[in-house]
Amino acid sequence: MGSTAAAVSGISRPIFAFYIMTVGMAYLEPDAMRKVSKYSIILFLIGLLTCFSNIFQHYIYGLVGERAMNNLREALFSGLLLQHKVCISHYCI
């Protein structure tokens, strides 16, 4: 899910750049007001989609990182406890 949001976020930048250039070229045409309005709405929608996909991406990757860190801490702590138990049983205090 996070990778899908990252892909949407990544593909939106070239599309955004394309529409920025299209708006710049639309100012040279006779019916510029209509075309620029249409492209501006498209740019707004792409920006909105990018905003939500970035938030979702960072949220999902944050959850994954939190769970991975929790698993690592549990593994290290259980190994530490096991090591301490072995030392006590052999009078290694």
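The values are calculated or read from the model by the stated rules, or taken from the named source; none is laboratory data. These numbers were taken from a predicted model, which means no experiment stands behind them. Positions of Cβ are generated from backbone atoms using ideal geometry, with glycine treated the same way; all protein chains shown enter the neighbour counts. Side chains included, ligands, DNA and RNA excluded: accessible areas come from the protein's heavy atoms. Shrake-Rupley method; radii C 1.70, N 1.55, O 1.52, S 1.80 Å.
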Item to check | Scope the range 16-43; condition out of contact with any helix residue (DSSP H, G or I) (no Cβ under 6 Å at 6 or more places or on another chain), of a type in the set (A, V, I, L, M) and either over 30 Å from GLN57 (Cα atoms) or in contact (Cβ under 8 Å) with a residue 24 or more places away in the chain (or both); matching residues | outcome: MET25, LEU28, MET33
Next on the checklist: Can you tell me which residue is modelled with the lowest pLDDT among those in the range 1-15 that are in contact with a helix residue (DSSP H, G or I) (Cβ under 9 Å, 6 or more places away or on another chain) and exposed (fewer than 12 other Cβ atoms within 10 Å of the Cβ)?
Outcome noted: SER3
Checklist entry - In the range 16-33, which residues are part of a helix (DSSP H, G or I) and open to solvent by 80 Å² or more (accessible area, probe 1.4 Å)? => result PHE16, PHE18, ILE20, MET21, MET25, MET33
Item to check | Matching residues, the range 1-15, being part of a helix (DSSP H, G or I) and touching a residue at least 40 places away in the same chain (Cβ under 8 Å) | outcome: GLY2, ALA5, ALA6, VAL8, SER9, SER12
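Among VAL36, VAL64, which is surrounded by 15 or more Cβ atoms within 10 Å (Cβ to Cβ) and in a helix (DSSP H, G or I)?
On the way: VAL64 fails: surrounded by 15 or more Cβ atoms within 10 Å (Cβ to Cβ).
Of the residues listed, the single one that is surrounded by 15 or more Cβ atoms within 10 Å (Cβ to Cβ) and in a helix (DSSP H, G or I) is VAL36.
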Checklist entry - Is it the case that LEU81 is modelled with pLDDT of 90 or more and over 17 Å from TYR19 (Cβ atoms)? => result no
